[in-house]
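Dropping a structure here in structure tokens format, bear with me for questions.
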Amino acid sequence: MAYVAVAAAYAALAGTVVTAYGQVQAGKAQQESLERQAEAEKLRASTEELARREELNRALAANQLAMASGGISGVTPESISLESAKKIGASEQVIGLSEKLKQAQLQRQAQAARTQGIMGATSTLLSSSKDIAESIETIRG
């Protein structure tokens, strides 16, 4: 009969440890997933920025071609290009900042996920402390 109690005590201890370990690992896995998502977001943002710049270059080239063939006076292609570049630069800064904020948010979520896993494991161990103490007493006999 004592062997059954000792076996049950070991099983209870093992169950608590496995639960705590699982919580830590789940937090780490979620952290890694969010970090990969942040990297994917960074790559997507870079790709979109490149596409926007290519589209901008095409639009500027079309504007200059239209002005050259239309004989527009009073406005130089350089002044139009400069004004367009200023507007686009400001737009790119806003978009870039927005993308960086998204990536930073994902990094914060990743760290929070890991912390949550550790806190969950700690909570499991603390809430099971009475059971752990009883299991140790049963094992000691």
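Using a cut-off of 29 Å between alpha-carbon atoms, which lysines can reach Lys100, once sequence neighbours fewer than 8 places away in the same chain are excluded?
Filter leaves Lys28, Lys42, Lys86, Lys87.
Taking θ = phi - 60°, what integer Hz values does the Karplus form 6.51 cos²θ - 1.76 cosθ + 1.60 yield along the stretch 27-37, in sequence order, with x for Gly and Pro?
The phi angles translate into x, 5, 5, 5, 4, 4, 5, 5, 5, 5, 5 Hz.
What label, among [x] 21, 19, 16; [y] 67, 12, 5; [z] 59, 12, 10, belongs to semi-axes √(5λ) of the Cα gyration tensor in Å computed from the structure on display?
It is the one labelled [y].
The numbers here are math on the coordinates, done by the rules we state, and not lab data. Worth saying up front: this structure is predicted, and the values here are computed from it rather than measured.
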